[in-house]
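Worksheet: one structure, shown below.
The values are calculated or read from the model by the stated rules, or taken from the named source; none is laboratory data. Here the structure is a predicted model, which means the values were calculated and not measured. All Cβ positions, glycine included, derive from the backbone under ideal geometry; neighbour counts span all protein chains shown.
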Amino acid sequence: MDSGQIIVAKEGGEVTKVTSEIIKIKNKEGKEHEYRLEKFARSNQGTSFNQRPIVHVGDKVKVGDVIADSSATDDGELALGQNLLVAFMSWGGSNFEDAIIISNRLVKDHALSSIHIEQYSIEVRDTKLGPELLTRDIPNVSEEALANLDESGIIRIGAEVKAGDILVGKILPKGETELSSEEKLLRAIFGEKAKDVRDSSLRLPHGEQGKVVDVRFFSKENGDELPSGVYQMVEVSVAQLRKISIGDKLAGRHGNKGVISTILSEEDMPFLPDGRPVDIILNPLGVISRMNIGQILETHLGLAASAGGYKIASPAFEGLTIEEIHRRLEENNLPADGKIQLFDGRTGEPFARKSTVGIMYILKLHHLVDDKMHTRSVGPYSMITQQPLGGKAQFGGQRFGEMEVWALEAYGAAHMLQEMLTIKSDDVVGRSKTYESIIKGEPIQKPLIPEAFNVMVKELQSLGLNVELLAAKISAPEEEEVVETSAAPHPVEDQIEEDIQLDEVEEDLDKTLTEIAAQQAEEDIVSEEVVEE
């Protein structure tokens, strides 16, 4: 079955033309066949699918010969990884718990680099206030930000872009009701010159960067099929070269996966007696408990094949025996046990014991740290719970669930726990006051009631239960006024304030009664003493 990854010759003949996009082959009858190569197409996983010719002008080809490779093949054979020199040894604890140490050579030579392509699209619609418009004339945007846009506001192919850069400029009409007082003033001064339009351009999302490799324009005028209400659409493809980095995930053929913990310079890596530094250091403890001994046999056989300069096909259940692997190692003047004395790259001293060294096939998995790494300081909140949204796509916060709460409880971290569940989450008034205190350099005040409590009260009330908060000891300081928020007023908080005021009145009354009783008791004692005399 043809996967479509490679291109094979449909007819024999002579190659007459080769470019990065076209291969032409002339058959015996003098007829030319043209083969078009796929350039920077996007796969379903967002990786780059790019075909490259492996024939030259003048080459003779037969029917079925491979004439073009893709990103995942080499000479027509599946090639998803790299053959790398590995050593099984511990190295200062840096490869503890399946962590992997790699050499900087892999970064420098792009041995494990990959190209990823993301597509971003924008639709142009007819709205009630008027049609949206693709343009370079965007309000309140500097000329520098528009440098790579053409007259239609579409970015040029080849432009380097970073997060927040405009990919497609678009404006939409603004209704009269949306005008602020400042905009009304500007309109009164400049008349219609202060255009009543709003910027709704397509921008590169936060955390992304790369190079524009393709731009596609669709229009109903050109006969393209578009959703109802949409009369234009633009798709921009941005390619990104991702070098291997700390936090990326690697794996072998035997389920032996791990995350890169350290990238060492070539001179610091352990090296062989002939001076060659190893590419990867794996932990031997990752083999024993899992019993995937195949990776050790692969390492030994890879070492023998590399030294002998030949390839070995070793199918499952029909591979070479251990005795055959020993024999091949000895044939190439290598120790039969596959262990070699390594030297410390930092000191030049030999290690205490010999290590298993060899060639292993290493694959880069699609679990990249760039896709997972995320930070947030201030961001969007959920309308109902008033808690931060979740996920990198929503620029959300880190979830602090039940089990994390238990962990802080176990440590007795009371203050941190209170912050996590109130001002860092859904205490609407408290977080505003905290922000204000930080800006002013004042001490942070005590947290108030979380919004989750108010939601619970509302849900109970919706069930027909008359839930009221009768007493509470939480109150905002009297001398500071509460910061106004966009959240709706809370009857529960009003009830708390009323209850607190009632409690204060009751306390004053109790104090007064106590003082009167004490004074009366003193007078009784004095009168008794007078009577006795």
Out of GLU29, GLU11, which single residue is surrounded by 14 or more Cβ atoms within 10 Å (Cβ to Cβ), part of a loop (DSSP other than H, G, I, E, B) and either of a type in the set (D, E, K, R) or in contact with a Leu (Cβ under 9 Å, 6 or more places away or on another chain) (or both)?
GLU11
Criterion: under 30 Å from ALA99 (Cβ atoms), without any contact (Cβ under 8 Å) to a residue 12 or more places away in the chain and not polar (S, T, N, Q) - qualifying residue of ASP274, ASP279, ASP248, ASP268:
ASP274
Residue within the stretch 386-393 that is at pLDDT below 95, in contact with an Asp or Glu (Cβ under 8 Å, 6 or more places away or on another chain) and not charged (D, E, K, R) present:
yes
For the stretch 349-437, list the helices (runs of 4 or more DSSP H) that sit wholly inside it and hold at least 3 residues that are loosely packed, with under 13 Cβ neighbours inside 10 Å and not charged (D, E, K, R); which are they?
402-411, 414-421
Residue set GLU459, GLU468; condition among the acidic types (Asp, Glu) and in contact (Cβ under 8 Å) with a residue 12 or more places away in the chain; output residue GLU468
Here the residues within the stretch 123-146 that are surrounded by 13 or more Cβ atoms within 10 Å (Cβ to Cβ) and either of a type in the set (Phe, Trp, Tyr) or under 18 Å from LYS211 (Cα atoms) (or both) are ALA145, LEU146
Meets criteria (exposed (fewer than 14 other Cβ atoms within 10 Å of the Cβ), within 30 Å of LYS39 (Cβ to Cβ) and basic (Lys, Arg)) for LYS108
yes
Could you check the stretch 164-195 and list, in sequence order, the residues that are assigned to a loop (DSSP other than H, G, I, E, B) and modelled with pLDDT of 75 or more?
GLY164, ASP165, GLY169, LYS174
Test set (1) β-branched (Val, Ile, Thr); (2) under 23 Å from the mean Cα position of the chain (by Cα); (3) within 30 Å of ILE325 (Cα to Cα) - THR375 fails condition number:
(3)
Among the listed residues SER113, SER70, SER103, identify the single one that is of a type in the set (Gly, Ala, Ser), within 30 Å of the chain's Cα centre (by Cα) and surrounded by fewer than 17 Cβ atoms within 10 Å (Cβ to Cβ).
SER113
Residue list for the stretch 292-316, filter: within 17 Å of LYS339 (Cβ to Cβ), of a type in the set (A, V, I, L, M, F, W, C) and touching a residue at least 24 places away in the same chain (Cβ under 8 Å):
ILE296, LEU297, LEU301, LEU303, ALA304, ALA307
Which one of these does VAL230 not meet: (1) aliphatic (A, V, I, L, M); (2) at pLDDT 95 or above; (3) under 28 Å from PRO205 (Cβ atoms)?
(2)
Quick one: which of ASP274, ASP268, ASP279 is surrounded by 15 or more Cβ atoms within 10 Å (Cβ to Cβ), farther than 30 Å from GLU318 by Cβ and either touching a strand residue (DSSP E or B) at 6+ places or on another chain (Cβ under 7 Å) or of a type outside the set (Ser, Thr, Tyr) (or both)?
ASP268
Exactly one of (1) surrounded by fewer than 18 Cβ atoms within 10 Å (Cβ to Cβ); (2) outside the structural domain of LEU202 (by TED's automatic domain parsing) is unmet by GLN119. Its number?
(2)
Identify the single condition in (1) closer than 24 Å to VAL357 by Cα; (2) more than 30 Å from the chain's Cα centre (by Cα); (3) crowded, with 16+ Cβ neighbours inside 10 Å that GLY258 does not satisfy, given that it satisfies every other one.
(2)
Checked SER94, SER70 against criteria (in contact with an Asp or Glu (Cβ under 9 Å, 6 or more places away or on another chain) and touching a residue at least 12 places away in the same chain (Cβ under 8 Å)); the one match is SER70
